[in-house]
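Heads up, the thing below is written out as structure tokens.
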Amino acid sequence: MQNYVESKVRNIVDFPKKGIIFRDITTAVKDPKALKFMIDFLTEQYQDKKIDYVAGIESRGFIFGAPLAYNLNAGFVVIRKPGKLPAKVISQEYQLEYGTDKIEIHEDAIEKGANVLVIDDLLATGGTVDAACKLVKKCGANVVGAGFIIELSDLGGRQKLEGIDVTSMIQYKGL
């Protein structure tokens, strides 16, 4: 299963800059068998965790989060870039290589005490998912785990999420 999905991930050398290998998941998502394997993998990891909500991080976290929520009989919550949500939001800034960015969630998206799984396609440095977990906690909910299809293990994202159960289907070393 993992080997099949990994064979469908396109590797683009020197993108977005020289020395980087970009792991393009769009080629795996378009393959029906790979897509099924990815959703099934995440479902198997979390089916016994009593999850109330799956929170998908914009935008590729939506691809995996909604069908996963369906499989887990949970609600689906979106975490978006600024200015995309129409009602009152809670925001969380996070550090980028140069500067900061921000993500948002509706303030009434998650009930206090709910169990939430945070989902995205890729874990690199962990800045975005750490901010997403902080948003969930600001809502008064519990972060049950963080799930990914791809993990760039040398970039330290897992360490940034200390205390959170992190699952990834494919791990790559190096950039």
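For the pair Glu107 and Gln2 in one chain, pulling the backbone fully straight at 0.36 nm per residue adds 34.2 nm over the alpha carbon distance.
In a reduced charge model with +1 at each Lys and Arg Cβ and -1 at each Asp and Glu Cβ, the chain shows a dipole moment near 260 debye about its Cα centre.
Pairs of Lys residues in the stretch 38-172 that lie 8 or more places apart, or on two chains, and have C-alpha atoms under 13 angstrom apart add up to 6.
Look at the alpha carbon pairs under 8 Å that are at least 6 residues apart: their mean separation over the length of the chain gives a relative contact order of 18 percent.
Rounded to 0.05, the FRET efficiency of the Asp40 and Asn11 pair, given R0 = 22 Å and the Cβ-Cβ distance, is 0.40. Relative contact order for the stretch 85-165: 31 percent, from Cα pairs under 8 Å spaced at least 6 residues apart, divided by residue count. The Lys88 and Ser59 beta-carbon pair, evaluated with R₀ = 22 Å, returns a calculated FRET efficiency of approximately 0.50. Label separation (Lys49 vs Tyr70): 2.0 nm, computed from points 7 Å beyond Cα along the C-beta direction. For the stretch 66-175, the residue among Gln95, Gly156, Cys139 whose Cα projects farthest onto the positive side of the dipole built from Cβ charges is Cys139.
Every number in this text was worked out from the coordinates using simple rules, so none of it is lab data. Predicted, not measured: the structure shown is a model, and the values here were computed from it. Cβ: placed from backbone, ideal geometry, glycine included. Neighbour counts: every protein chain shown.
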